[in-house]
């Protein structure tokens, strides 16, 4: 006779491992918080908020540098215009 779940040869309907797993309560996992920018899981959301540590540090660096802030704003404007042009073409 074979186990009904794993099909290993046994004398019972379930082998010892499958019987143990069936009797155990299903595991509970904590709610995973993901970064709102890069979608990576955040290890300690109470410390970093809705951004992962890398995105938070990058954002802080961009905000502290006037050149990077201007370049980022210019890049966002260019992407907006490209999206608008694409929508017009469609």
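The values are calculated or read from the model by the stated rules, or taken from the named source; none is laboratory data. What you see is a predicted model; the values in this text were computed from it and never measured. Ideal geometry is used to build each Cβ from the backbone, glycine not excepted, and the neighbour counts take in all protein chains shown.
Here are the numbers for the structure shown:
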{"read-out": "Elements of type helices (runs of 4 or more DSSP H) contained in the chain, each with 1 or more residues being in contact with a helix residue (DSSP H, G or I) (Cβ under 7 Å, 6 or more places away or on another chain) and at pLDDT below 85", "value": "45-48, 53-64, 66-89"}
{"read-out": "Boolean, residue 46 is more than 28 Å from the chain's Cα centre (by Cα) and surrounded by fewer than 10 Cβ atoms within 10 Å (Cβ to Cβ)", "value": "no"}
